[in-house]
Structures are given as C-alpha cells and as structure tokens.
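Trainee: I'd like to ask some things about the structure below.
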Amino acid sequence: MAAPIFLIRRDIAILVMVHTFGGCTADQVARRLFPTLRGPRVCYRRVAELVTQGYLSSRRLPATTGVGSGKMFLSLTPRGRSIAAAAQGLGVHNLARVRANSPRFIEHHLAIGDTRIAFELAAEHSLLFAISEWCGDRQLVITVAEAGEASVVLVPDSSFGLSVAGRRGSRLLLEQDTGSLTNRTRMKARLLGYLRHARSAQVLVLFVTTTDERVI
C-alpha cells in the first residue's frame, strides 16, 4: 500500500475541478491549474498520486485517431467526493454524478471543458472581465413559447455570467459544436429558438465550433 499523502491546497483544487467540470483529463487539469509550468509532468505525477491514494479514478479513453491510446479521463471516487464537497461547503449528496460515458459524448464534454478553461484563464489575466456562476453539463433547460408558434426547448451546453469592470454583465449561453449536427433543419430551428428567446431575455449565445466552414 502506498504511503498516505498530505493534501495541499492544489490537490483540493484538482478534486474540485474534476467535480465542477463533471470529469476531465489530466491535460486539462495541467492547463487550468498548472499554467506556469513549462511541462505537465509535475501535474501528471500529482494526479497519479491522487489516483493511487483513492481520491480519483482514471480510465483510458479511445484514441480520437484510432491509433494508439487516448487520454486518461478523471472522475472522483467516493473518497474524493467527500473532500470536494467539504471544500465547497456542500453535502456529498449535492455533487452531481459524471454522466460522460459514450465516446461521442465525452468528446463533446471535453470540448466544453476546453472552452471553459480558455475563458477562465483569459478572465484571470484580464483587468476588465470576470467569469462567474458557470453552469455546465446541460443543466439549464429553456422553453420558448410564443403565441401562434410551436414551443421550442433549448438545452445550452453551459451558461455563465460575464461581468465587466466589476459591474454585473450579461448571461452567456454556450453552444459547443463538434461537427456532429449536420441536419440544417434542426440547426435552423435551434437558431430560431435562440432568436425568439432573446426577445424576452437579456442573454448572449456563444457558438464555438471546429472550422471556418462550420461557422458559415
């Protein structure tokens, strides 16, 4: 049995990140919590220790190219959940379970995490913008209903607050596109739903996609 380790602040931050992201990769942990290191090896070693100590579990994802092995996907163990819950002042029963199971869903899930990391790091280095109340894992459901029109149900991939110069700003809804939606009719219906929703709510919708062709 491995010798027990003393959890430091960054260890707890890792556990909280794995929880709030709904599961993530060690590479994402390195980019988010170890941004000043030239290489991710220090992060990988610490994550491996947390796995060995039973705070995290890891499983190898399929390779996206079909060659070699994929990244290690991290999730909390019951032991890690209790630490993450205490760090956020929550009960263990309040922590959502990781639902990223299928390879396609995980690819989309990790893309959302990449976008979140980019926004959070940019906000940390900005004197003007701040990110707050990130709500992920498709937790928000919006039903848009107008007289004479069929109702539309929108489920953004994430939502978050964006404040400017310390003043409360707008609520942004994130649509993370990985190129899997190819039906133009469905895409038009989704866009129309957001346009209708914008008539009654002060929100901005951010579409993040993969290529210039998808933007068009």
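Trainee: Counting other Cβ atoms within 10 Å of each Cβ, which GluC sites (Glu not before Pro) in the stretch 129-216 have at most 13 and sit in a DSSP loop?
Mentor: 146, 149
Trainee: Okay, moving on. In Å², and per residue, what accessible area does the chain have when probed at 1.4 Å with the other protein chains present?
Mentor: 62
Trainee: Longest segment of the chain with no trypsin sites (Lys or Arg not before Pro) in a DSSP loop having at most 13 other Cβ atoms within 10 Å?
Mentor: Here the longest segment lacking exposed loop sites spans 100-198.
Trainee: Where does the charge balance sit around residue 13 when Lys and Arg score +1, Asp and Glu -1, over other residues with C-beta under 12 Å from its C-beta?
Mentor: +3
Trainee: Could I ask something else about it? List the residues, sorted by chain then number, that are 5 or more residues from residue 71 or on another chain and whose placed amide H is less than 5 Å from its amide H.
Mentor: Hits under the 5 Å cutoff: 61.
Trainee: Please build a GNM for the chain, connecting alpha carbons under 10 Å apart, and tell me which residue among 26, 130, 150 fluctuates the most.
Mentor: Checking each option, the largest mean-square fluctuation is seen for 150.
Trainee: For the chain, set up a GNM with springs between Cα atoms under 10 Å and report which of 73, 105, 160 has the largest fluctuation.
Mentor: 105
Trainee: Gaussian network model of the chain, Cα springs within a sub-10 Å range: biggest mean-square fluctuation belongs to which of 155, 205, 164?
Mentor: In the Gaussian network model the winner is 164.
Trainee: Using a 1.4 Å probe, how large is the accessible area of residue 69, given in Å² and rounded to the nearest 10?
Mentor: It works out to around 90 Å².
Trainee: Still on this structure, I have one more. Please give the calculated 222 nm ellipticity per residue for the chain, where each DSSP H segment of at least 4 residues contributes -39500 (n - 2.57) and the sum is spread over every residue; nearest 500 deg cm²/dmol?
Mentor: About -12000 deg cm²/dmol.
Trainee: Taking amide H atoms as placed 1.01 Å from N in the peptide plane, list the residues 5 or more away in sequence, or in a different chain, whose amide H sits under 5 Å from that of residue 24.
Mentor: 74
Trainee: What is the percent carbon and sulfur in the accessible area of the chain, measuring with a 1.4 Å probe over the protein chains and ignoring ligands?
Mentor: Carbon with sulfur: 56 percent of the solvent-accessible area.
Trainee: Applying the Karplus parametrisation 6.51 cos²θ - 1.76 cosθ + 1.60 with θ = phi - 60° to the phi angles of the stretch 200-210, what ³J(HN,Hα) value in whole Hz is obtained for each residue in order, glycine and proline being reported as x?
Mentor: 10, 10, 8, 9, 10, 10, 10, 9, 10, 10, 9
Trainee: What size of dipole, in debye to the nearest 20, comes out for the chain about its Cα centre when the only charges are +1 on Lys and Arg C-beta atoms and -1 on Asp and Glu C-beta atoms?
Mentor: Approximately 360 debye in magnitude.
Trainee: Still on this model: Rounded to the nearest Å, what's the spacing between the alpha carbon centres of the stretch 182-208 and the stretch 26-50? Just the number, please.
Mentor: Cα centroid of the stretch 182-208 versus Cα centroid of the stretch 26-50: 37 Å apart.
Trainee: Answer with a single label: of (i) 58, 36, 25; (ii) 67, 45, 36; (iii) 46, 41, 39, which was calculated as Cα extents along the principal axes in Å from the structure in view?
Mentor: (ii)
The values are calculated or read from the model by the stated rules, or taken from the named source; none is laboratory data. In this text the structure is predicted, and so the values were computed from the model without any measurement. Cβ: placed from backbone, ideal geometry, glycine included. Neighbour counts: every protein chain shown. The protein model used for the area step is the full one, side chains on, heavy atoms only, and it has no ligands, DNA or RNA in it. Shrake-Rupley method; radii C 1.70, N 1.55, O 1.52, S 1.80 Å.
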